[in-house]
1. Of all residues in the range A:18-62, which are surrounded by fewer than 16 Cβ atoms within 10 Å (Cβ to Cβ) and either touching an Asp or Glu at 6+ places or on another chain (Cβ under 8 Å) or more than 27 Å from A:Phe179 (Cβ to Cβ) (or both)?
2. So which residues in the range B:147-161 are surrounded by 17 or more Cβ atoms within 10 Å (Cβ to Cβ) and part of a loop (DSSP other than H, G, I, E, B)?
3. Mind listing whichever residues of the range A:1-47 are without any contact (Cβ under 8 Å) to a residue 40 or more places away in the chain, over 20 Å from the mean Cα position of the chain (by Cα) and more than 23 Å from A:Leu115 (Cβ to Cβ)?
4. Here are some residues: B:Tyr15, B:Tyr71, B:Tyr58. Which one is touching a Lys or Arg at 6+ places or on another chain (Cβ under 7 Å) and modelled with pLDDT of 80 or more?
5. Could you grab me the full set of residues in the range B:1-53 that are closer than 19 Å to B:Glu232 by Cβ and in a loop (DSSP other than H, G, I, E, B)?
6. Identify, from the list B:Leu138, B:Leu170, the residue that is within 17 Å of B:Gly69 (Cα to Cα) and at the interface with chain A (Cβ under 8 Å from one of its Cβ atoms).
7. Filter the range B:27-43 down to residues that are at pLDDT below 90 and touching a Phe, Trp or Tyr at 6+ places or on another chain (Cβ under 8 Å) and give me whichever is nearest to B:Leu210 (Cα to Cα).
Amino acid sequence: MTALQLWRSVLSKDLRLAARRRSDAINPLIFLLMVITLFPLGVGPGPDILARIAPGIIWVAALLATLLGVDRIFKDDYADGSLEQLCLLPQPLAFTVSAKMVSHWLLSGLPLVILSPLLALLLSLPGDAYAALSASLLLGTPALSALAAIGASLTLPLQRGSALVSLILLPLFIPILIFATSAVESAGMGMAVHGQLAILAAISVLTVTLAPLAVAAGVRMSVN
Amino acid sequence: MWRWLHPYAKPEATYRLVDKMLPWFAGLTVISLLVGMVWGLAFAPADYQQGDSYRIIYIHVPAAIFSMGAYFGMAICGAIALIWQIKTAEWALPAIAPVGAAMTAIALFTGAIWGKPMWGTWWVWDARLTSELILLFLYIGVMALYAAFDDARTGAKAASILAIVGVVNLPIIHYSVEWWNTLHQGATITKFERPSIANSMLWPLLISLLGFMLLTATLVLMRYKNQLLKHELNRPWAQAELAQASSTSAEEKR
């Protein structure tokens, strides 16, 4: 089996598992919708205040939803021993685990991008900013998934690792949050957003290419 | 270099080296901090605009620089621990992290004290302040991850990986004042240009920098010494060391 075939089979296995246990993938999205619902109730439904804080709320909710999916990345494979088998294979582990990152993104990042116009509508975001919001999510969430995989690999052997994962990951998420929300806010004020989106894309390219190495190191450490 | 370095993979040899270095570092720390602080806080001329409140740079700038320096050192130790599997390098992480976190906290705290009279606020969400705060969170993350594992070696490996990943934050902190150009001022001392500060203020600052560097090193070495003893507690050399230390302290009491 070539590395690419292995990559494909890992990805398709993850997607098939998610299709059979839909609640795992859907619950974080429902959580996201609920968090978004809480804000108009909490700060008042006035459209001007909502529109001003909408980019931040949506992105913070996206970060939290990403954290909810972290456990799913490696936990089951670790528990049934298949992760150990992946480590033993001659195919490069860093490449194989990148399939895990992709499946996490397909199940948590991509739905967010698709949902984003609805979220923008709920928070009465200005019409000009819709495209920027979707674009920022499309460009930013791959980096989130890559970082989430690092966090997941580092805390695998821990029984109660979820609080620790948030502690580790949220500081690393902050730069992405800053540029993404700044892009959406600029778009809302009718300014150019290419700069921020380009930086988001750069961050994503960098994290997606380098994170697998850290993830592979983390997985090897956890499996030993 | 390897021939010179490889004995220090052995904890006992490292302990002897640290033990020999520590008094020198501690002594030089006291001298340079005393000179730097007294000169900077009492004798350097007051600023024509900021008056005496600028004097906080003699603490703020060195603490900020070595909050980043300590992190970089911690990441290097993490890389050495991961690549060459040297356990004496692993133990440097828990030795460095709290010292670096304290430096970060000092930098943030003194910055807030200076910001109140100068900027009119304790805190702004300026790029440099935010990235320095992220550095504090990264330190806390490294410490928490190290402590979370029952097996110290696994914890050290996990913390090393996290420390290396977090290094991306260092250039962000360093260049934040150039990239974003927000409230925090730019660098005063650079390697290649003439510093934009009068010599009478520069010299005490440089001595304070040296003092904080030595202070960081001294604190790290003290913690590292304890780490070495703690991890090797059941080895004969550590037992002998402890027995000797307790007998000398008993003699001193008498």
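1. Once the filter is applied, which keeps residues that are surrounded by fewer than 16 Cβ atoms within 10 Å (Cβ to Cβ) and either touching an Asp or Glu at 6+ places or on another chain (Cβ under 8 Å) or more than 27 Å from A:Phe179 (Cβ to Cβ) (or both), the range A:18-62 yields A:Ala19, A:Arg20, A:Arg21, A:Arg22, A:Ser23, A:Ile26, A:Asn27, A:Ile30, A:Leu41, A:Gly44, A:Pro45, A:Gly46.
2. Within the range B:147-161, B:Phe149 is the sole residue that qualifies.
3. Result: A:Leu4, A:Gln5, A:Ser9, A:Gly44, A:Gly46.
4. The conditions single out B:Tyr15.
5. Across the range B:1-53, the qualifying residue is only B:Lys10.
6. Numbers: B:Leu170 fails: at the interface with chain A (Cβ under 8 Å from one of its Cβ atoms).
It is B:Leu138.
7. Out of the qualifying residues, it is B:Gly36.
The values are calculated or read from the model by the stated rules, or taken from the named source; none is laboratory data. The structure displayed is predicted, hence computed values, not measured ones. Virtual Cβ from ideal backbone geometry, glycine too; neighbours counted across all protein chains shown.
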